[in-house]
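Engineer: Have a look at this one.
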Amino acid sequence: MTHLAISLLSDSDLFHGDTALWMFLSIGAVALFGVFLPITQWTENRRKEREAFYKAEMIRRVSEASGEGAKAALELLREDDRLREFKKIEGMKVGGLVNIGVGIGLGFLLWSLGGTGSPYLVGLIPALIGVALLVYVFFLHSPVEK
C-alpha cells in the first residue's frame, strides 16, 4: 500500500521528487496523532473506569453483607493501597538502575568518541538521576510492609 501511494504521488505531475515522501509522512503523522493515539487513550480510560466501578461495587456488596463485611472491605482497601505503594517503590528501583546504566553507557560512548574537553561527563546526568531515585527509595521513603 505504501509503494502504491508513493508511486501514484511520484508519477503525478503535481508531485515531484521528495514531495511524495513528505506527503506520505504527513498522512502517517495525522493517522498516528489524530486517530491511533486518541483511540488508545480512550480505550485505556474506559478500562480504568470499568475497573474502578467493579471494585467499588464489590466493596459495597462485601460491606453490606454482614458486620464482618465492613472489616473485610477496609482490609481489602488497605491491602490494595499497600500493593500500589509497593509497586511504585519497585518501579522507582528499576528506574534508578536503568538510569544508572544509561549514564554509564552514555559516558563510555562519549569517551570512545573522544573530542575536546570531557564530553563523557554528560553520562553523569542520567546516572545521578538514577542515584537520586535509589537514595530516595532506600533512605528517605518510609518502608512498605511486605
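Engineer: Return the total of residues in the stretch 9-43 being at pLDDT below 60, hydrophobic (A, V, I, L, M, F, W, C) and either within 33 Å of the chain's Cα centre (by Cα) or assigned to a helix (DSSP H, G or I) (or both).
Structural biologist: Result for the stretch 9-43: 1.
Engineer: Filter the stretch 80-104 down to residues that are modelled with pLDDT of 90 or more and more than 13 Å from Gly130 (Cα to Cα), then give me how many there are.
Structural biologist: Matching residues across the stretch 80-104 total 9.
Engineer: With the requirement that a residue be of a type outside the set (Gly, Ala, Ser), surrounded by fewer than 16 Cβ atoms within 10 Å (Cβ to Cβ) and touching a helix residue (DSSP H, G or I) at 6+ places or on another chain (Cβ under 8 Å), what does the stretch 94-108 give you?
Structural biologist: Within the stretch 94-108, Leu97, Val98, Ile104, Phe108 meet the criteria.
Engineer: I've got another one for you. Hey, Ala70 hits all of (1) touching a residue at least 12 places away in the same chain (Cβ under 8 Å); (2) in contact with a Ser or Thr (Cβ under 6 Å, 6 or more places away or on another chain) but one; which does it fall short on?
Structural biologist: Going through (1) touching a residue at least 12 places away in the same chain (Cβ under 8 Å); (2) in contact with a Ser or Thr (Cβ under 6 Å, 6 or more places away or on another chain) one by one, Ala70 breaks only (1).
Engineer: Still on this model: Output the residue which, of all residues in the stretch 109-146 that are closer than 22 Å to Lys87 by Cα and hydroxyl-bearing (Ser, Thr, Tyr), is surrounded by the most Cβ atoms within 10 Å (Cβ to Cβ).
Structural biologist: Top of the filtered list is Tyr136.
The values are calculated or read from the model by the stated rules, or taken from the named source; none is laboratory data. These figures come from a predicted structure and were not determined experimentally. Counting neighbours? That spans all protein chains shown, and the Cβs are built from the backbone with ideal geometry, glycine included.
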